[in-house]
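Asker: Sharing a structure here in structure tokens format.
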Amino acid sequence: MKEVSLIPIEGLPLVRAGDDVTSLICEACGKTRIPIENGDIFVVAQKIVSKAENSVVHLGTITPSERAREIGNQTGRDPRLVQVYLDEASELLFVKGRMVITKHKLGFKMSSSGVDKSNIAPQTEGIVVLLPRDPDASARKIRDSIKAMTGKEVAVVINDSCGRDEREGSVGTAIGIAGISHLEFRHQRDLYGNESNSQIALIDELAAAASMLMGQADESIPVVVVRGVSYTIDEKAGIRNIFT
């Protein structure tokens, strides 16, 4: 029976602007005696990438528009925070309860434009984190650096917990990829010998699986190595390819 392993990488320090994420990952793997192997898939939390790239905003610098004030009153959210949602979005889709559903400039449909204020700093400081400006480029940088440091060929998936408009709760979703195809095309036969052709969003399955270990609070596990999964290597991989 085929086995798949999800290996949490523990011991990473709190990431700060300018940090080399790959060096931190490789150092943590060394300290915890987790060897990096060819074919490993590194699922990396968006937050540490954004923090390293200084993709943050201080709410004290934000002046909310009238629209942001209206939505703030409607949802009970800080109008300055709502303004950041709007600034990061190409389109405001709708407001549902406290949820502000947008289409992000990168193409993702999600709640709050991916803007988050947890695990950044004490909330009294008014700092929020944004999505990386180019998650695919961030993933490629990590992948290339791992190869340069270790000689190993790996894939990288940057994930984020995304809220959805049609279902309650958030789920881990791929927002950036490198070295792994956005889709797996499977040509098989089912239990009755019928031809079965499927397209699987493996990158999202990996993102969601890793999120179970990463958690949402003080777990301090921003990186998970997935081992034993077959995937198609794609040197030109890009998350935008998955959009319909």
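The values are calculated or read from the model by the stated rules, or taken from the named source; none is laboratory data. Bear in mind the structure is a predicted one, so any value in this text is a computation, not a measurement. Methodologically, a virtual Cβ is constructed for each residue, glycine included, from the backbone with ideal geometry; neighbour enumeration extends over all protein chains shown.
Asker: When you check V100 against the structure, is it over 19 Å from G60 (Cβ atoms), within 21 Å of the chain's Cα centre (by Cα) and surrounded by 20 or more Cβ atoms within 10 Å (Cβ to Cβ), yes or no?
Answerer: yes
Asker: Now, a different point. If you go through region 185-196 one residue at a time, do you hit one that is touching a residue at least 12 places away in the same chain (Cβ under 8 Å), surrounded by 16 or more Cβ atoms within 10 Å (Cβ to Cβ) and either touching a Pro at 6+ places or on another chain (Cβ under 6 Å) or over 27 Å from L12 (Cα atoms) (or both)?
Answerer: No: zero hits.
Asker: Among K147, K152, which is part of a loop (DSSP other than H, G, I, E, B), surrounded by fewer than 22 Cβ atoms within 10 Å (Cβ to Cβ) and more than 13 Å from the chain's Cα centre (by Cα)?
Answerer: K152
Asker: Which of the residues that make up region 4-31 are small (G, A, S) and buried (at least 17 other Cβ atoms within 10 Å of the Cβ)?
Answerer: The answer is A28, and nothing else.
Asker: Only residues in region 33-56 that are assigned by TED's automatic domain parsing to the domain that holds E205 and within 11 Å of V223 (Cα to Cα) count as the first member; pair them with residues that are aromatic (F, W, Y) and part of a loop (DSSP other than H, G, I, E, B), Cβ under 8 angstrom, at least 6 apart or cross-chain, and list the lot.
Answerer: Correct list of pairs: I41/Y231.
Asker: Let me spell it out: the conditions are (1) of a type in the set (S, T, N, Q); (2) touching a Lys or Arg at 6+ places or on another chain (Cβ under 8 Å); (3) outside any loop (DSSP other than H, G, I, E, B), and N38 meets all of them except one. Which number is the exception?
Answerer: (3)
Asker: Oh, and also: Does S138 satisfy the criteria of being in contact (Cβ under 8 Å) with a residue 12 or more places away in the chain, more than 20 Å from G30 (Cβ to Cβ), outside any helix (DSSP H, G or I) and of a type in the set (G, A, S)?
Answerer: No: the conditions fail for S138.
Asker: Something else now. List the residue pairs whose Cβ atoms are under 9 Å apart, where the first residue sits in region 61-82 and is of a type in the set (K, R), the second is outside any helix (DSSP H, G or I), and the two are 6 or more positions apart or on different chains.
Answerer: Cβ pairs passing all conditions: R67/L92; R77/R98; R77/V100; R80/I62; R80/T63; R80/P64; R80/G126.
Asker: Still on this structure: Condition first: without any contact (Cβ under 8 Å) to a residue 24 or more places away in the chain and at positive phi. Now tell me which residues in region 2-32 satisfy that.
Answerer: Within region 2-32, just G11 meets the criteria.
Asker: Please verify whether V128 is more than 15 Å from G176 (Cα to Cα) and β-branched (V, I, T), treating the condition exactly as stated.
Answerer: For V128, the condition - more than 15 Å from G176 (Cα to Cα) and β-branched (V, I, T) - is met.
Asker: What are the residues in region 6-17 that are at pLDDT 95 or above and either touching a Leu at 6+ places or on another chain (Cβ under 9 Å) or outside the structural domain of V225 (by TED's automatic domain parsing) (or both), if any?
Answerer: Once the filter is applied, which keeps residues that are at pLDDT 95 or above and either touching a Leu at 6+ places or on another chain (Cβ under 9 Å) or outside the structural domain of V225 (by TED's automatic domain parsing) (or both), region 6-17 yields L6, I7, P8.
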